[in-house]
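Asker: Here it is, the structure, as structure tokens.
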Amino acid sequence: MLTQEEFASLLLIGHAPSTYGTLAVIPPEHSARLIALGYMADIHGRLRMTTPGRIRLAAGNVVAAS
């Protein structure tokens, strides 16, 4: 499960332009975790969304009932 802040970072990267322009900046601990989970990849120093990341965005940040 992602924290609200990690999900917001995933959303930010997911909506960043694909051309080299303004880069989306997220906390390094978020990028490290999202890369480890396979939701993002660091390609030539730029964070890019992966297919699993797009699927995760489409699913939303559903919090399990307690």
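Asker: Under a 5 Å amide H to amide H cut-off, with H placed in plane at 1.01 Å, what residues pair with residue 47 once short-range neighbours are removed?
Answerer: The list, which skips near neighbours in sequence, is empty: none.
Asker: Residue 40's amide H: which non-local residues (gap 5+, or another chain) put their own amide H closer than 5 Å, with H modeled 1.01 Å from N in plane and none for Pro or chain starts?
Answerer: Close amide H contacts, sequence-distant or interchain: 35, 50.
Asker: Also: Where Lys and Arg each count +1 and Asp and Glu each count -1, what net charge lies around residue 33 among other residues with Cβ under 12 Å from its Cβ?
Answerer: The answer is -3.
Asker: Across the stretch 4-59, what fraction of all alpha-carbon pairs, as a whole percent, falls in each successive 10 Å bin from zero upward?
Answerer: So the P(r) values, bin by bin, are 26, 63, 11.
Each value in this text was obtained by applying a stated rule to the coordinates, not by laboratory testing. This one's a predicted model, so the numbers in the text were calculated from it and none came from an experiment. Here Cβ is always computed from backbone atoms with ideal geometry, including for glycine, and neighbour counts include all displayed protein chains.
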